[in-house]
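In what follows, a structure is listed as structure tokens, so that the remarks can point back to it.
Laboratory data are not the source of any read-out in this text; all were calculated from the coordinates shown. These numbers were taken from a predicted model, which means no experiment stands behind them.
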Amino acid sequence: MSFVRGFCAFLSGVLGLYSTIILIRIVVSWFLWFNRRNGWRSGYRGFRVEDPQNPTGIAKVDAILGKICDPYLNLFRNFKSLRKSTIDFTPILAFLVISLVRTILSLFANYYKITIWIVLAIIIDGLWGAIFSFLLILTLILLIIRFFVGRSSNPSKNNYIYMLDTMLNAPVEKVYKLFFRKKNVDDQKLVIVSIIFYAIVFLVLKIAVNALVNLLIQL
């Protein structure tokens, strides 16, 4: 029994690492997508069109991550309802499946039983890990990248700022309306406040979800 529980805990940890790699893969693929489509087609300088015979460093990273992640992500490509124009929501479904499996393995490793309350806890924890946690972590990663790009002296930094601001417009606008409505604010200050705000939101929700899940498990 101890071997089975230990093995379940090990698999849960592996799936957590794999989820992180998938998240990195998504962020890197977005950079390349902007490079190949928005960046150079819109006339912005500083981006080099990818040459399949001579890929850049980020393209090589994307290729390596693709070999690791795409066999799993491609399993969800047939859900066409989740693919809207250039936006692909199928990775969220992929995260949901991984999160649910991780939660089942983790709970089984710790409690070695499954009840209706544990099933409810699995659903709540899975939705948190696959959707809300995923979106918040992704937003924080992009905000941190935006902060360091804004501090860069690279002459082509405006290209990256344009790309990041396009993706971060909605979450940053919410922060602006909460704290700086009708005020002029430096963009770097707004980014820092956004990082702090969404980090606090993430921690509060994580604590609340963990408390709710533990409560359901004890019922």
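For region 125-175, dividing the convex hull volume of the Cα atoms by the residue count gives 74 Å³ per residue. Relative to one another, the C-alpha centroids of region 169-185 and region 138-154 are positioned 17 Å apart. Note that region 91-104 has calculated 3J(HN,Hα) couplings of x, 5, 5, 4, 5, 4, 5, 4, 4, 5, 5, 4, 5, 4 Hz, one per residue in order, obtained from phi through the Karplus relation 6.51 cos²θ - 1.76 cosθ + 1.60 (θ = phi - 60°); glycine and proline are x.
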